1. Scan I3, I23, I28 and give me the residue that is over 27 Å from S163 (Cβ atoms), without any contact (Cβ under 8 Å) to a residue 40 or more places away in the chain, out of contact with any Pro (no Cβ under 7 Å at 6 or more places or on another chain) and surrounded by 17 or more Cβ atoms within 10 Å (Cβ to Cβ).
2. Looking at N146, N177 in this structure, which one is surrounded by 14 or more Cβ atoms within 10 Å (Cβ to Cβ) and more than 22 Å from L302 (Cα to Cα)?
3. For L44, state whether it is touching a strand residue (DSSP E or B) at 6+ places or on another chain (Cβ under 9 Å), aliphatic (A, V, I, L, M) and under 30 Å from Y149 (Cβ atoms).
4. Among the residues of the range 268-280, what is the count of those that are over 18 Å from the mean Cα position of the chain (by Cα) and surrounded by fewer than 21 Cβ atoms within 10 Å (Cβ to Cβ)?
5. Look at L264 and say whether it is among the aliphatic types (A, V, I, L, M) and surrounded by fewer than 18 Cβ atoms within 10 Å (Cβ to Cβ).
6. Could you tell me whether any residue of the range 54-67 is within 30 Å of L120 (Cβ to Cβ) and free of Cβ contacts under 8 Å to residues at least 24 places away in the same chain?
7. Test V287 against the criterion of being more than 24 Å from I205 (Cα to Cα), touching a Pro at 6+ places or on another chain (Cβ under 6 Å), at pLDDT below 90 and not basic (K, R), and give yes or no.
8. Please go through (1) surrounded by fewer than 13 Cβ atoms within 10 Å (Cβ to Cβ); (2) closer than 20 Å to L348 by Cα; (3) free of Cβ contacts under 8 Å to residues at least 12 places away in the same chain; (4) not small (G, A, S) for I288 and return the number of the only condition it doesn't satisfy.
Amino acid sequence: SFIKNNFNTFVLVDPFEGFGTQIETDFIELFENHNLYASAFLPLSSLKSSDVFTEYSFLKYRLDFKLSFNRNIVYPEDNQNYIYHKYSMNKLSLNVSYPINKFLRFEVSPFISINKFYDLDYRVLNSSPPPFTFYEKTKFSGYFVNVLYDNTNKIGMNLETGSKIKVSLGNYISKANENNNFKDFSIDFIHHQKIVNNIILSSRIFYGNSYGNNPFKYLVGGIQNSIINTKEDKGINDPLAVYNGNNNTNFLYSKYLNLRGYNLKKFDGYKALVLNTELKIPLIKTVIGKSITSKFLNNLQLIGFFDIGSSWNINSPFSSKNDVNTWYIREPGSVFQAEIENSKNPWLASYGFGIRSFIMDYFIKLDVAKPIEDYRLGQTKFHLSIGYSF
């Protein structure tokens with residue numbers, strides 16, 4: 001028989017949909033061989049949007065099996081031009097996990113996914129034939145292969161020692177139209193190094209590469225789950241742009257990467273490399289050497305940080321001719337092409353300090369960041385966010 005193990009509701013800030021409520025619950029069998037988990041994200045910006053996830057786990061033997069279903073519906077809008085889209089994704093996957101030892105795990109996860117795009121413009125109904133594409137359906141099958149290593153040890157809130165790494169390869173295959181096929185390879189490495197007492201130096205290196213006929217974009221800049229994030233306005237070059245007839249379903253797979261001091265999606269590209277570092281100092285435990293009864297003071301942390309990263313489509317920032325400092329201009333119908341090079345720095349960087357602690361059962365982070373863009377210091381930017389660092 002199953003018993004309810006947890007039921008939680010909390011505030012979540014989605015980079016695309018904004019504020020919302022996350023609801024989670026799970027049921028566990030008496031001998032812990034079976035587990036049921038369900039979650040739902042309900043954004044306040046659009047009650048029509050939703051993100052629902054359910055998963056059943058069978059954990060009796062050495063091989064772990066997980067069967068999951070994810071349904072994601074979003075409604076991107078351009079209110080100024082009265083353009084409204086709807087995207088839906090329904091994904092069914094089976095995860096088979098084999099623990100090689102207590103730290104290392106190998107996973108294979110085949111899946112099927114159905115994505116739908118709707119252009120809700122009123123002119124679709126008033127014109128025959130419609131002036132642009134208003135509906136498309138894409139079926140994917142594929143797999144993920146993951147290798148996970150984790151020997152971290154939690155010594156306090158937002159404080160760990162040890163390392164963890166995830167190497168992942170995903171393959172999305174559309175048999176009906178191979179132009180929709182794409183792959184994704186990523187490496188996510190995190191290391192927490194104890195300096196002295198409870199002072200921890202934490203570093204994260206992330207590399208991602210989306211490739212194939214229809215790759216998605218990595219979005220670098222800002223902080224996830226941030227209360228006061230702003231988005232970079234890129235006009236028609238925005239990877240999340242909404243305009244008539246544009247099936248931009250791939251943005252459902254886009255990944256946001258933290259880089260403090262900048263707006264969300266300051267840089268975007270099919271490839272990305274980001275380094276985040278934090279020196280975490282728990283003030284009370286460092287000063288007096290023991291815990292106290294106040295939850296706020298006991299978990300109060302002062303941090304210093306440095307971030308650096310970039311994203312690109314073709315030419316990496318390690319090349320003298322990279323995507324940031326090299327432009328190609330060609331007039332329509334012309335066989336000639338002009339190449340323009342500038343001295344812009346292809347890397348975004350920032351440094352600063354922050355404080356963290358528990359407030360009303362939420363772990364709140366305030367970061368004060370000074371961006372370094374194109375060899376110049378920018379204006380100080382504040383980030384107020386919810387949740388642990390990494």
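The values are calculated or read from the model by the stated rules, or taken from the named source; none is laboratory data. This structure is a prediction, so every number in the text was calculated from the model and none was measured. With ideal geometry, Cβ positions are generated from the backbone for all residues, glycine too; neighbour counts draw on all protein chains shown.
1. Values: I3 fails: surrounded by 17 or more Cβ atoms within 10 Å (Cβ to Cβ); I23 fails: surrounded by 17 or more Cβ atoms within 10 Å (Cβ to Cβ).
Just a single option satisfies the conditions, and that option is I28.
2. Details: N177 fails: surrounded by 14 or more Cβ atoms within 10 Å (Cβ to Cβ).
That would be N146, the only listed residue that is surrounded by 14 or more Cβ atoms within 10 Å (Cβ to Cβ) and more than 22 Å from L302 (Cα to Cα).
3. Working: touching a strand residue (DSSP E or B) at 6+ places or on another chain (Cβ under 9 Å): yes; aliphatic (A, V, I, L, M): yes; under 30 Å from Y149 (Cβ atoms): no.
Criteria not met by L44.
4. First, pick out the residues of the range 268-280 that are over 18 Å from the mean Cα position of the chain (by Cα): 278-280.
Okay, now just the ones that are also surrounded by fewer than 21 Cβ atoms within 10 Å (Cβ to Cβ), so 279.
Result for the range 268-280: 1.
5. Numbers: among the aliphatic types (A, V, I, L, M): yes; surrounded by fewer than 18 Cβ atoms within 10 Å (Cβ to Cβ): no.
Against the criterion (among the aliphatic types (A, V, I, L, M) and surrounded by fewer than 18 Cβ atoms within 10 Å (Cβ to Cβ)), L264 does not qualify.
6. Pass one, the range 54-67, residues within 30 Å of L120 (Cβ to Cβ): 54.
Checking which are free of Cβ contacts under 8 Å to residues at least 24 places away in the same chain leaves us with 54.
Looking through the range 54-67, at least one residue is within 30 Å of L120 (Cβ to Cβ) and free of Cβ contacts under 8 Å to residues at least 24 places away in the same chain.
7. Working: more than 24 Å from I205 (Cα to Cα): yes; touching a Pro at 6+ places or on another chain (Cβ under 6 Å): no; at pLDDT below 90: yes; not basic (K, R): yes.
Spelling it out, it is not the case that V287 is more than 24 Å from I205 (Cα to Cα), touching a Pro at 6+ places or on another chain (Cβ under 6 Å), at pLDDT below 90 and not basic (K, R).
8. Status for I288: all satisfied but (2).
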